[in-house]
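Student: This is the structure I want to talk about, given as structure tokens.
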Amino acid sequence: MSASRTPRTHQLVSQRAAAIPPSGIRKFFDLIAATEGVISLGVGEPDFVTPWHIREAAIYATERGHTHYTSNYGLLELRREVARHLEQRYGLRYDPATEVLITTGVSEGFDLAVRALIDPGDEVLCPEPWYVAYFPCVHLAGGAFVPVPTNMEEGFRVQPEAVQARITERSRLLILNYPNNPTGAVMDRETMGRVAEVAIDNGLTVLSDEIYDRLVYGVEHVCVPTLPGMRERSVLLGGFSKAYAMTGWRIGYAAGPAPVIEAMMKVHQYVMLSAPTIAQEAALEALRRGEAAVQEMLEAYDQRRRLTLSGLRSLGLACAEPQGAFYVFLSIAGSGLSSQTFAEQLLREEKVAVVPGSAFGASGEGFVRCCYAVSAQEIEEALERMGRFLARHRQ
Amino acid sequence: MEDIFRILEKDARTPPERIAQMTGRSVEEVRATIKKAEEDRIILGYRAKVNWDKVAQGRILALIEVRVTPQREVGFDAVAARIARYPEVHSLYLISGDYDLAVQVEGDSIYEISDFVSNKLAIIDAVQGTVTHFLLKRFKEDGFIIQGEDGSSKRLPIAP
Ligand SMILES: Cc1ncc(COP(=O)(O)O)c(C=O)c1O
């Protein structure tokens, strides 16, 4: 019997997984690891350690044995605190029982929302450059990703006309991410209002990743669901990673209309069950007593932002003035290099790591992302090295 | 103005040029503000915070509780001013509670400190009594964690 066996070819990895393009960021990782004395502006998280009172609250929760699962939606106390926070900051009202979901970071919240909101073949519009997770998540959910290019001249703010021009029968969802990673762009209320109108006119749902909402410098953050007609058609994603320096805790939340939150919870209950309990306790402490620490970190980011911008100006480098997050999206047009080559050569020749703009979609080509959540000394040293590099490569 | 002080308080070596860029002010303004603050004794000084525990001979620190008879007209001020002038005195506070003055004294040996207490401090007329506590171990001083690390950067060099 065994002589006649003809085994079928064995396919180990699914086509869906195989089709995920390699991350433009991962490649760099090995290069940096192999180089000594690198100043990295390639980071994507605060340099601060989580404020002590938050860490202490988590230790206390552990001591008391808060080591079990929570409700699939997350601790009710935390959902109440999130709802209170959103009401205080933005005048938004969400029912903590049905309209708030605690997620394992905005990362999970984003994935859940996409899965809950689109069917295979649906088109998802997204301003480009985009945060690296958006395209793969939409792809994994079977959606068609439709980038809406933005540019430096318009400060990387998405224009309502550009969204309108890409609407088709299948358009279903619009992703927004302001303050933006990688450009640091913040939307003004007027333009955002007109983008919202396009969404309403075309029956789009809006998925708004506002993880950087607290990191704005001297301008207002426009919270999408506060715009007329938007609360009932948008899902708001909020985080702890950036404002409270809590990236490693893996905690975030989603707020939106009950049916969407319920649909997201249905996926969440099977893939995550519940967000980490200790991290939920830490998040509760962050919302209750973290404001002073947020303000202190904000002042530090703003100072470094100014330092970076003034340094770039003296190097004669162009960028749209970033008003939020902790990134500068720098034009490298003058070098004549592609963003990938620029980043690789800068790392080799001057040991400064930046992220090539092409990692954030086609409109990111010609730019590199520099994160200024590093010390002032490192910013100055990195700028000096970049100055030397540019002097050699300027065309 | 306060932003300038906060920057210098974190790192007194921050050059005025960098402070100017960080705060969006002109270098001249930063220089002038610092100069004036020094003259007005808003900025009292600049010094390195040395961890003497790591240097061969550790320094001895004592906290001394001092009970004082307040004096007509000047209260505690006159005696406090006298005590403050001794170079051994590291810091001096008037406090509420069981005693009046809290004195921190630094010396190279236990003898130096006991000499200070018995021959300099205790003999002052207004001083009624002293209780000396020798410091056994420093954990944190002036905002610096001395025992155990905190805030070491374990960030990935590149992240989304
Ligand atoms: C725009 C954006 N969304 C989401 C995330 C992920 O956040 P979290 O740590 O909450 O999963 C990041 C992190 O860099 C981000 O920049």
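Student: Can you work out which of the residues in the range A:338-395 that are more than 25 Å from the chain's Cα centre (by Cα) and farther than 20 Å from residue B:157 by Cβ is most open to solvent (accessible area, probe 1.4 Å)?
Tutor: Within the range A:338-395, the match that is most open to solvent (accessible area, probe 1.4 Å) is A:395.
Student: Is it the case, given these coordinates, that residue A:272 is more than 14 Å from residue A:46 (Cβ to Cβ) and open to solvent by 10 Å² or more (accessible area, probe 1.4 Å)? Let's see the steps before the verdict.
Tutor: Working: more than 14 Å from residue A:46 (Cβ to Cβ): yes; open to solvent by 10 Å² or more (accessible area, probe 1.4 Å): yes.
So residue A:272 fits the description; yes.
Student: Residue under question is residue A:317, and the condition is that it be open to solvent by 20 Å² or more (accessible area, probe 1.4 Å) and more than 14 Å from every other protein chain (Cβ to nearest Cβ); does it hold?
Tutor: Answer is yes for this residue.
Student: Return the residue satisfying two criteria in turn: it lies in the range B:137-154 and is within 12 Å of chain A (Cβ to nearest Cβ) and at pLDDT 85 or above, and of such residues it is farthest from residue A:27 (Cα to Cα).
Tutor: Checking each candidate, the answer is B:140.
Student: I'd like to check something: does the range A:226-235 contain any residue that is part of a helix (DSSP H, G or I), polar (S, T, N, Q), at pLDDT 95 or above and surrounded by fewer than 17 Cβ atoms within 10 Å (Cβ to Cβ)?
Tutor: no
Student: Being farther than 21 Å from residue A:285 by Cα and aliphatic (A, V, I, L, M) is true for just one of A:76, A:117. Which residue is that?
Tutor: A:117
Student: Going through the range B:40-73 one residue at a time, which ones are free of Cβ contacts under 8 Å to residues at least 12 places away in the same chain and of a type in the set (A, V, I, L, M)?
Tutor: B:44, B:48, B:50, B:55, B:56 - these are the residues of the range B:40-73 that are free of Cβ contacts under 8 Å to residues at least 12 places away in the same chain and of a type in the set (A, V, I, L, M).
Student: Right, another one. Going through the range B:18-29 one residue at a time, which ones are within 12 Å of another protein chain (Cβ to nearest Cβ) and loosely packed, with under 14 Cβ neighbours inside 10 Å?
Tutor: The answer is B:26, and nothing else.
Student: Also, quick follow-up: Check residue A:8 against each of (1) more than 14 Å from chain B (Cβ to nearest Cβ); (2) within 30 Å of residue A:375 (Cα to Cα); (3) charged (D, E, K, R) and name the one condition it does not meet.
Tutor: All conditions are met except number (2).
Student: Report whether or not residue A:92 is in contact (Cβ under 8 Å) with a residue 24 or more places away in the chain, away from the ligand (no atom under 16 Å from the Cβ) and in contact with a Leu (Cβ under 9 Å, 6 or more places away or on another chain). Can you show your working first?
Tutor: Numbers: in contact (Cβ under 8 Å) with a residue 24 or more places away in the chain: yes; away from the ligand (no atom under 16 Å from the Cβ): yes; in contact with a Leu (Cβ under 9 Å, 6 or more places away or on another chain): yes.
Yes.
Student: If I filter the range A:247-261 down to residues being over 11 Å from residue A:106 (Cα atoms), touching a helix residue (DSSP H, G or I) at 6+ places or on another chain (Cβ under 7 Å) and of a type in the set (A, V, I, L, M, F, W, C), which single residue comes out as nearest to the ligand (Cβ to nearest atom)?
Tutor: Among those residues, the one meeting the criterion is A:249.
Student: Quick test for you: out of A:222, A:206, pick the one residue that is more than 11 Å from the ligand (Cβ to nearest atom), outside any loop (DSSP other than H, G, I, E, B) and crowded, with 23+ Cβ neighbours inside 10 Å. Quick ask: steps written out before the conclusion?
Tutor: Values: A:222 fails: outside any loop (DSSP other than H, G, I, E, B).
Answer to the selection: A:206.
Student: Is the range B:50-64 home to any residue that is at pLDDT 95 or above, among the aromatic types (Phe, Trp, Tyr) and surrounded by 12 or more Cβ atoms within 10 Å (Cβ to Cβ)?
Tutor: So far as the range B:50-64 goes, no, none of its residues is at pLDDT 95 or above, among the aromatic types (Phe, Trp, Tyr) and surrounded by 12 or more Cβ atoms within 10 Å (Cβ to Cβ).
Student: Could you look through the range A:320-337, keep only residues that are in contact (Cβ under 8 Å) with a residue 40 or more places away in the chain and in a loop (DSSP other than H, G, I, E, B), and pick out the one that is most open to solvent (accessible area, probe 1.4 Å)?
Tutor: Of the residues in the range A:320-337, the ones in contact (Cβ under 8 Å) with a residue 40 or more places away in the chain are A:320-331, A:334-337.
The next check asks that each one be in a loop (DSSP other than H, G, I, E, B); those that pass are A:320-323, A:325-326, A:336-337.
Numbers: A:320: 15, A:321: 110, A:322: 1, A:323: 46, A:325: 0, A:326: 0, A:336: 48, A:337: 43 Å².
Only one residue fits best here, namely A:321.
Student: Is it true that residue A:45 is among the charged types (D, E, K, R), within 16 Å of the ligand (Cβ to nearest atom) and surrounded by fewer than 21 Cβ atoms within 10 Å (Cβ to Cβ)?
Tutor: Working: among the charged types (D, E, K, R): yes; within 16 Å of the ligand (Cβ to nearest atom): yes; surrounded by fewer than 21 Cβ atoms within 10 Å (Cβ to Cβ): yes.
Yes, satisfied.
Student: Filter the range A:167-203 down to the residues that are away from the ligand (no atom under 14 Å from the Cβ), in a loop (DSSP other than H, G, I, E, B) and of a type in the set (Val, Ile, Thr), then identify the one that is surrounded by the fewest Cβ atoms within 10 Å (Cβ to Cβ).
Tutor: So the residue we want is A:168.
Student: Could you check the range A:147-161 and list, in sequence order, the residues that are of a type in the set (A, V, I, L, M) and in contact with a Phe, Trp or Tyr (Cβ under 8 Å, 6 or more places away or on another chain)?
Tutor: Passing the criteria: only A:152.
The values are calculated or read from the model by the stated rules, or taken from the named source; none is laboratory data. Model, not experiment: these values are computed from the prediction. All Cβ positions, even for glycine, are placed from backbone atoms using ideal geometry, and neighbour counts span all protein chains on display. These area figures cover heavy atoms from the full protein model, side chains too; ligands, DNA and RNA do not enter into them. Shrake-Rupley method; radii C 1.70, N 1.55, O 1.52, S 1.80 Å.
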